[in-house]
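*Asks:* Here it is, the structure, as structure tokens.
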Amino acid sequence: QVQLVESGGDLVQPGGSLRLSCAASGIIFSIYDMGWYRQTPGKERELVASITKDGITKYPDSVKGRFTIARDNVKSTVYLQMNNLKPEDTAAYYCNAANQYWENYWGQGTQVTVSS
């Protein structure tokens, strides 16, 4: 049974930091490309960071320089370090695992709220 379990979401003030974690089980983590997405009500889910199985990272301009994705293949965990958070970063954040065999899995999400 495949599970992706996110944690670390919280209420934080603008300018603050959070680190999200996504622990994977039931998959061979090292062969999966991992991604963090976010979604707000009424909007499409958007990619905020990705890291390939080879460690290549990618970010949209909206978070570049503020967010950092990293993976630990020993712990089967992917992280998202978020710094200088802004109110517009408020969203539910989801972890995604995908591989070349078209296998694609999602976590249940963790809420990040940026507000004073």
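The values are calculated or read from the model by the stated rules, or taken from the named source; none is laboratory data. As the structure is a computational prediction, the values presented were derived from the model and not from experiment. Here the Cβ is made from the backbone with ideal geometry for all residues, glycine too, and neighbour counts use every protein chain on show. Heavy atoms of the whole protein, side chains included, go into the accessibility calculation; ligands, DNA and RNA do not. Shrake-Rupley method; radii C 1.70, N 1.55, O 1.52, S 1.80 Å.
*Asks:* Using the heavy atoms of the protein chains and a 1.4 angstrom probe, tell me the accessible area per residue for the chain in square angstrom. Display every interim value, and only then the final one.
*Replies:* Details: 6440 Å² over 116 residues.
In whole numbers, the chain has 56 Å² accessible per residue.
*Asks:* Okay, moving on. For region 30-94, run through the GluC sites (Glu not before Pro) and keep only the ones in DSSP coil with at most 13 other Cβ atoms within 10 Å of their Cβ. Before the final figure, lay out each step's value.
*Replies:* Numbers: sites: Glu44, Glu46, Glu88; in loops: Glu44.
Sparse-neighbourhood loop GluC sites (Glu not before Pro): Glu44.
*Asks:* A follow-up question, please. Counting only DSSP beta bridges with both residues in the chain, tell me the antiparallel percent, nearest 5. Each step should come with its number before you reach the end.
*Replies:* On the way: 37 of 39 bridges.
About 95 percent, rounded to the nearest 5.
*Asks:* Further, regarding this structure: Can you give the net charge of the other residues whose Cβ lies under 14 Å from the Cβ of Gly15, counting K and R as +1 and D and E as -1?
*Replies:* Values: positive: Arg66, Lys86; negative: Glu88, Asp89.
Surrounding charge for Gly15 is 0.
*Asks:* Can I ask one more? Once the piece of chain linking Leu11 and Glu88 is laid out straight, how much longer is it, given 0.36 nm per residue of separation minus the C-alpha distance between them?
*Replies:* So the extension gain works out to 26.4 nm.
*Asks:* Quick one: with all protein chains in place, what share of the accessible area of the chain is carbon or sulfur, to the nearest percent (1.4 Å probe)?
*Replies:* On the way: 3110 of 6440 Å².
Carbon and sulfur together cover 48 percent of it.
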